[in-house]
Amino acid sequence: MIKNQAILSPLVSALKKRSFSVLSPLKTTTATFNESAAETNDNQVPISSQYKPLSGAQRAYLDRVIRVDQAGELGADYIYAGQYWVLANKTPHLKPVIQHMWDQEIHHHNTFNNLQVKHNVRPSLFTPLWKIGAFAMGAGTALISPQAAMACTEAVETVIGGHYNDQLRALNTEFEVEKLDGSKVSGKSVEVKELIETIREFRDDELEHLDTAIKYDSHKAVPYMLLTEGIKTICRVAIWTAERV
Amino acid sequence: MSQIKTNSIITNVFNCTAKLTSFKKISLIQNTHRFYHPNTTEYPKPHSYFPYLTYAPDSIQAKILSNCLQKHVPNTGINERSLINSCNDLGQSSTMLSVLSAPSNSAVLELIKFHLVTSRLELFHFASKNDKSLEEIFLKRLELNKPISNQLSALLSHLTSPFPSNLDVGIQELHNLSNDFVVLANDIKESHDFAWYSKRMGLSVAYVSSELFMAQDKSENFKETMEFAKRRLDNWRNYGTMYNNTEEFLWFQLMSGLSFVRSQTA
């Protein structure tokens with residue numbers, strides 16, 4: 001009896017070791033994290049500040065954030081270009097105001113262009129349309145009156161500010177990833193934190209533009225409700241499209 | 001007007017982006033992914049085929065497929081017979097074919113996809129050693145087809161036969177390839193608008209036509225294919241330059257015309 005057990009024991013332990021699933025060796029191994037972490041250790045980031053990979057949905061969301069923000073800043077850039085083109089000579093007192101806002105938008109636009117290239121995100125397919133539409137919107141409202149141009153700024157910046165806030169909310173809550181060192185501590189990577197900082201800074205700039213627009217009589221634009229609500233709707237549709245296409 | 005603007009932008013950007021410099025440190029890292037690709041210092045990739053193939057390079061599937069490509073495809077062709085031979089080589093049962101067919105509905109299609117993905121990975125290693133020009137990378141990719149060159153027309157006809165899964169793999173991988181050309185080559189400027197698409201489209205057309213030429217090429221060491229590919233790349237570059245010059249010319253004419261009208265009406 002005892003002899004039998006002694007013979008069988010290696011078999012028993014082998015059976016215990018063997019996992020139930022026959023296909024288990026075919027599955028993608030997740031234990032290779034540490035190996036690849038060791039490979040990348042020469043990149044001077046300690047393992048304590050490395051994170052588990054983002055999920056497909058998280059990567060797709062970041063992709064989308066960069067695409068829509070790039071398209072939005074492109075639009076803002078061209079709206080101010082249109083306003084400037086019409087108003088620079090007509091109303092000299094507004095020239096430095098629009099110039100200042102335009103410069104900020106150009107900075108935003110360049111920042112997102114850099115991010116787009118760095119992260120290999122495709123730009124929105126409709127960029128030619130956004131360019132023409134935004135310039136026409138800026139120039140068109142400016143042709144109605146300087147107040148209408150400011151109402152346009154107010155409507156656009158309201159929607160953009162709200163949209164940036166939505167993104168910040170998602171980035172702050174949905175991107176806590178577990179660390180790689182097995183400490184079960186989760187946090188956000190420097191990269192995501194930097195993106196949040198960038199968006200926060202730009203959101204504040206956009207809301208500053210909103211205040212500027214109100215200060216320069218946006219409420220005195222003549223079909224005020226029609227203008228602002230119409231432009232808000234256009235912006236929302238554009239955001240929805242630029243996120244996807 | 002726009003000239004003055006761009007100058008002010010540049011100074012503005014350099015003043016305001018103290019933050020971005022820390023971004024740049026991370027941006028030295030490889031950047032080969034279609035999606036937003038988080039840096040590999042903070043997020044390691046599960047395996048080097050991720051996310052294009054579901055299995056890792058050291059998996060049984062990868063071993064069967066690479067063995068099949070090296071030993072059996074040149075003689076037996078791109079079909080299930082060579083896959084079964086490869087399974088037999090490695091002591092696997094032929095039921096492995098059903099495992100292979102899981103990601104893309106067909107084991108043969110998976111074999112093709114494996115060739116396309118691993119070739120792109122090879123390209124990445126090739127370009128990361130030292131900076132390579134577009135032409136070098138482009139020709140390198142064609143050279144990677146040499147081992148299976150006698151099966152190239154079968155491969156292309158398989159990818160273009162009208163089944164959704166074939167087209168999915170073919171078009172997706174073609175886009176990934178042309179995207180890699182742009183990302184890896186050190187002599188192409190990346191664009192931010194519609195040109196992003198036309199650039200890749202043009203490269204895809206150049207690549208597919210070169211590959212079609214290669215499938216018929218009988219010259220020694222594919223010399224004629226390489227010449228053909230170089231011509232196609234030159235064409236692609238010339239069209240781009242032509243378009244940019246035309247656009248610049250028309251824009252200049254428009255601006256000067258408007259200024260003239262203004263000066264006359266003021």
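The values are calculated or read from the model by the stated rules, or taken from the named source; none is laboratory data. Note that the coordinates shown come from a computational prediction; the quantities given were computed from them, not determined experimentally. When we count neighbours, we look across all protein chains shown, and the Cβ atoms used for this are built from the backbone with ideal geometry, even at glycine. Side chains are part of the model used for accessible areas, which takes the heavy atoms of the whole protein and leaves out ligands, DNA and RNA. Shrake-Rupley method; radii C 1.70, N 1.55, O 1.52, S 1.80 Å.
Values computed for the structure shown
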quantity: Region A:77-99, residues that are hydrophobic (A, V, I, L, M, F, W, C) and more than 11 Å from chain B (Cβ to nearest Cβ); calculated: A:Ile79, A:Val86, A:Leu87, A:Leu94, A:Val97, A:Ile98
quantity: Test: residue in region A:81-90 that is open to solvent by less than 40 Å² (accessible area, probe 1.4 Å), assigned to a helix (DSSP H, G or I) and touching an Asp or Glu at 6+ places or on another chain (Cβ under 8 Å); calculated: no
quantity: Filtered residues of region A:116-137 (kept if under 30 Å from B:Asn179 (Cβ atoms) and more than 8 Å from chain B (Cβ to nearest Cβ)); calculated: A:Ser124, A:Phe126, A:Leu129, A:Trp130, A:Ile132, A:Gly133, A:Ala134, A:Phe135
quantity: Helices (runs of 4 or more DSSP H) wholly inside region B:39-152 containing at least 3 residues that are within 28 Å of B:Pro164 (Cα to Cα) and within 14 Å of another protein chain (Cβ to nearest Cβ); calculated: B:60-67, B:96-100, B:107-129
quantity: Verdict on B:Phe181 being surrounded by 15 or more Cβ atoms within 10 Å (Cβ to Cβ), aromatic (Phe, Trp, Tyr) and at negative phi; calculated: yes
quantity: One residue from A:Glu194, A:Glu174, A:Glu178 being at pLDDT below 95 and touching a strand residue (DSSP E or B) at 6+ places or on another chain (Cβ under 7 Å); calculated: A:Glu178
quantity: Residues of region A:188-218 classified as farther than 18 Å from A:Gln167 by Cα and part of a helix (DSSP H, G or I), total; calculated: 9
quantity: Check on A:Lys118, farther than 27 Å from B:Ala195 by Cα and either of a type in the set (Lys, Arg) or surrounded by 20 or more Cβ atoms within 10 Å (Cβ to Cβ) (or both); calculated: no
quantity: Filter pass, A:Gly140 being under 19 Å from A:Ile239 (Cβ atoms), away from chain B (no Cβ under 13 Å) and not in a loop (DSSP other than H, G, I, E, B); calculated: no
quantity: Residue match in region A:173-187 (condition: within 16 Å of the chain's Cα centre (by Cα) and either assigned to a helix (DSSP H, G or I) or among the hydroxyl-bearing types (Ser, Thr, Tyr) (or both)); calculated: yes
quantity: Hey, A:Ile160 within 14 Å of chain B (Cβ to nearest Cβ), assigned to a helix (DSSP H, G or I) and farther than 30 Å from A:Gln50 by Cα or not; calculated: no
quantity: Qualifying residue in region B:191-200 (condition: away from chain A (no Cβ under 14 Å), open to solvent by 30 Å² or more (accessible area, probe 1.4 Å) and in contact with a helix residue (DSSP H, G or I) (Cβ under 6 Å, 6 or more places away or on another chain)); calculated: no
quantity: Residue within region B:52-71 that is of a type outside the set (A, V, I, L, M), surrounded by fewer than 15 Cβ atoms within 10 Å (Cβ to Cβ) and at pLDDT 90 or above present; calculated: yes
quantity: Selection status of A:Trp102, open to solvent by 10 Å² or more (accessible area, probe 1.4 Å), more than 20 Å from B:Arg262 (Cα to Cα), facing chain B (nearest Cβ under 9 Å) and assigned to a helix (DSSP H, G or I); calculated: yes
quantity: Some residue of region A:10-29 being open to solvent by 60 Å² or more (accessible area, probe 1.4 Å), within 9 Å of chain B (Cβ to nearest Cβ) and at pLDDT 90 or above; calculated: no
quantity: Some residue of region A:210-221 being within 14 Å of another protein chain (Cβ to nearest Cβ), more than 16 Å from the chain's Cα centre (by Cα) and farther than 27 Å from A:Pro128 by Cβ; calculated: no
quantity: Extreme residue, nearest to the other protein chains (Cβ to nearest Cβ), among residues of region A:52-76 that are crowded, with 24+ Cβ neighbours inside 10 Å and over 16 Å from A:His119 (Cα atoms); calculated: A:Leu74
quantity: Filtered residue count, region A:138-153, keeping only those that are open to solvent by 40 Å² or more (accessible area, probe 1.4 Å) and under 27 Å from the mean Cα position of the chain (by Cα); calculated: 0
quantity: Test: residue in region A:219-227 that is in a loop (DSSP other than H, G, I, E, B) and either crowded, with 18+ Cβ neighbours inside 10 Å or modelled with pLDDT of 95 or more (or both); calculated: yes
quantity: Residue within region A:154-162 that is over 23 Å from the mean Cα position of the chain (by Cα), within 30 Å of A:Lys220 (Cα to Cα) and touching a residue at least 60 places away in the same chain (Cβ under 8 Å) present; calculated: no
quantity: Failed item in (1) touching a Pro at 6+ places or on another chain (Cβ under 7 Å); (2) open to solvent by less than 80 Å² (accessible area, probe 1.4 Å); (3) not basic (Lys, Arg), with B:Ile137 passing the rest; calculated: (1)
quantity: Flag if B:Glu227 is under 28 Å from A:Leu129 (Cα atoms), out of contact with any helix residue (DSSP H, G or I) (no Cβ under 7 Å at 6 or more places or on another chain) and open to solvent by 80 Å² or more (accessible area, probe 1.4 Å); calculated: no
